[in-house]
Amino acid sequence: MSVLKVQLFSIPVTDQDRARDFYVDVLGFELVREMAMGPGQRWIQLRPPGAETSVTLVTWFASMPPGSLTGVVLETDDLDRDLTRLRERGGVTDLDISEQPWGRSVGFADPDGNRLILQTTTSGT
């Protein structure tokens, strides 16, 4: 096996428009592609600016109920700045930063309850 990278992963949501707006307007992701996939389905693909890995906002997998995703780690170079941005844009309110030997992080949820972690890793780890 010769896996080169993680191409994309799916985030289960109830409302693709609301989720798209959160990931673009609050988290600053770029819209890569939005198109119809068939009756009642759309493909919405997003990514952090400059990233290779992207996400899709899905509503069609019965095995992936909205809010069931956990443990997605978003790396930032300035946790305090981005935490302020999250608060200002209404994405999150009460967040406590966790200080660890490897860096700092904060957990929060998207509008569907999918759990995300924003972190800054200290150099050397």
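The values are calculated or read from the model by the stated rules, or taken from the named source; none is laboratory data. Keep in mind that this is a model prediction, so the values were computed, not measured. Reconstructed Cβ throughout: ideal geometry from the backbone, glycine too, with neighbour counts over all protein chains shown.
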Next item on the list: Of the conditions (1) within 29 Å of T122 (Cβ to Cβ); (2) in contact (Cβ under 8 Å) with a residue 12 or more places away in the chain; (3) not charged (D, E, K, R), F61 clears all except one; give me its number.
Entry: (1)
Next item on the list: Find the strands (runs of 3 or more DSSP E) located wholly in the range 65-125 whose residues include 1 or more that are closer than 21 Å to S54 by Cα and at pLDDT 90 or above, and list them.
Entry: 72-75, 103-109, 115-121
Next item on the list: Being closer than 19 Å to D78 by Cα and assigned to a loop (DSSP other than H, G, I, E, B) is the filter; apply it to the range 15-58 and report the residue that is farthest from the chain's Cα centre (by Cα).
Entry: G50
Margin query: Being polar (S, T, N, Q) and under 17 Å from T59 (Cβ atoms) is the filter here; which residues of the range 1-48 pass it?
Written below: S10, T14, Q16, Q41, Q45
Check: Quick check: anything in the range 106-123 touching a Pro at 6+ places or on another chain (Cβ under 9 Å) and surrounded by fewer than 12 Cβ atoms within 10 Å (Cβ to Cβ)?
Finding: yes
Next item on the list: Look at the range 29-60 and say how many of its residues are over 26 Å from L4 (Cα atoms) and surrounded by fewer than 15 Cβ atoms within 10 Å (Cβ to Cβ).
Entry: 8
Next item on the list: Considering each of G38, G50 in turn, give the residue that is of a type in the set (G, A, S) and modelled with pLDDT under 90.
Entry: G38
Margin query: Go through the range 65-85 and report how many residues are among the basic types (K, R) and exposed (fewer than 14 other Cβ atoms within 10 Å of the Cβ).
Written below: 1
Notebook entry, point to check: If you take the residues in the range 10-26 that are in contact (Cβ under 8 Å) with a residue 60 or more places away in the chain and more than 20 Å from M64 (Cβ to Cβ), which one is surrounded by the fewest Cβ atoms within 10 Å (Cβ to Cβ)?
Noted result: D25
